[in-house]
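Remarks on the structure that follows.
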Amino acid sequence: TMQFYNKELEENPLTNFITEGIISRAPKITKENFPNFVKEVKENKFLLVTKKSKTPLLFRGLSNYYYGQIAFGEIHESEKDLIKKLGVKKVPSLVLYQSLDENFAELDDPIITIYSGENKAAEIIKFLEQFKDFMIIVLIRDKNFKQFCGQGNQKLRWLTDCAIFKYESSSEHK
């Protein structure tokens with residue numbers, strides 16, 4: 001739903017209004033849902049182990065920035081068995097649960113890494129960039145798309161062919 005800001009244009013209230021609207025794409029992870037989370041979600045996972053009940057702004061932002069490329073999750077400190085299983089020694093912590101190798105093939109055994117860098121967006125992004133999954137986004141803005149490319153399966157085949165061609169073409173130049 002759309003919300004409108006109808007207060008005085010002051011820095012703090014406006015900032016609060018904007019940041020409150022940033023959703024988290026990090027589900028709450030418990031020992032009960034963890035097995036399904038790691039089994040069903042194919043991307044590498046980045047987990048926040050926290051004392052807080054509310055997701056921090058930085059983590060909410062990163063979960064949106066990497067949506068579809070890295071799966072985010074949030075584990076509360078009360079999940080002691082799960083935290084111990086992950087090898088976390090202190091709270092808060094950031095944990096990379098790597099389930100894909102550098103060629104995006106599934107690993108037999110996950111690699112668990114406790115993030116040890118600075119808790120700053122630029123440093124975390126630098127760390128995460130090496131673990132993100134590849135994603136193709138196709139935008140069609142031509143109003144005559146159906147006329148030129150057909151409908152249904154024909155359109156999907158055309159999109160797939162274009163995406164594969166674009167990927168192969170860009171890969172050849174690396």
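The values are calculated or read from the model by the stated rules, or taken from the named source; none is laboratory data. Everything numeric in this text was worked out from a predicted model, so none of it was measured. Counting neighbours? That spans all protein chains shown, and the Cβs are built from the backbone with ideal geometry, glycine included. Ligands, DNA and RNA are stripped out before the accessible areas are found, and what is left, the full protein with its side chains, is counted by its heavy atoms. Shrake-Rupley method; radii C 1.70, N 1.55, O 1.52, S 1.80 Å.
Backbone amide hydrogens, once placed in the peptide plane, bring LEU100 within less than 5 Å of ASN44, LEU107, excluding anything fewer than 5 places away on its chain. Summarising the amide proton neighbourhood of ILE70: residues at separation of 5 or more, or on other chains, whose placed amide H is nearer than 5 Å comprise ASP133. Charge tally around ILE83: other residues with Cβ under 11 Å, Lys/Arg +1 each, Asp/Glu -1 each, net +3. Past the 25 Å Cα-Cα mark, which pairs from LYS80/LYS126; LYS7/LYS51; LYS89/LYS126; LYS52/LYS90; LYS28/LYS89? Long pairs (Cα-Cα over 25 Å): LYS80/LYS126; LYS7/LYS51. In order along region 78-84, phi translates into HN-Hα couplings of 6, 8, 4, 5, 5, 4, 5 Hz, rounded to whole numbers, per the Karplus curve 6.51 cos²θ - 1.76 cosθ + 1.60 with θ = phi - 60° and x for Gly and Pro.
Couplings for region 29-44, taken from phi via the Karplus curve 6.51 cos²θ - 1.76 cosθ + 1.60 with θ = phi - 60°, read 9, 10, 5, 6, 9, 4, x, 5, 4, 6, 7, 7, 8, 7, 5, 4 Hz in order; Gly and Pro are left as x. Put LYS90, LYS45, LYS84 in order of accessible area, highest first, and with a 1.4 Å probe you get LYS84, LYS90, LYS45.
Put simply, the Cα atoms of region 68-122 extend 34, 29, 20 Å along their principal axes, the longest span coming first. List every residue whose amide H lies under 5 Å from the amide H of THR55, counting only residues 5 or more places away in sequence or on a different chain, with H placed 1.01 Å from N in the peptide plane. So THR55 has HN proximity to no qualifying residue.
May I ask for the net charge around LYS42, where only other residues with Cβ less than 14 Å from the Cβ of LYS42 are counted and Lys, Arg are +1 while Asp, Glu are -1? Neighbourhood net charge equals -2.
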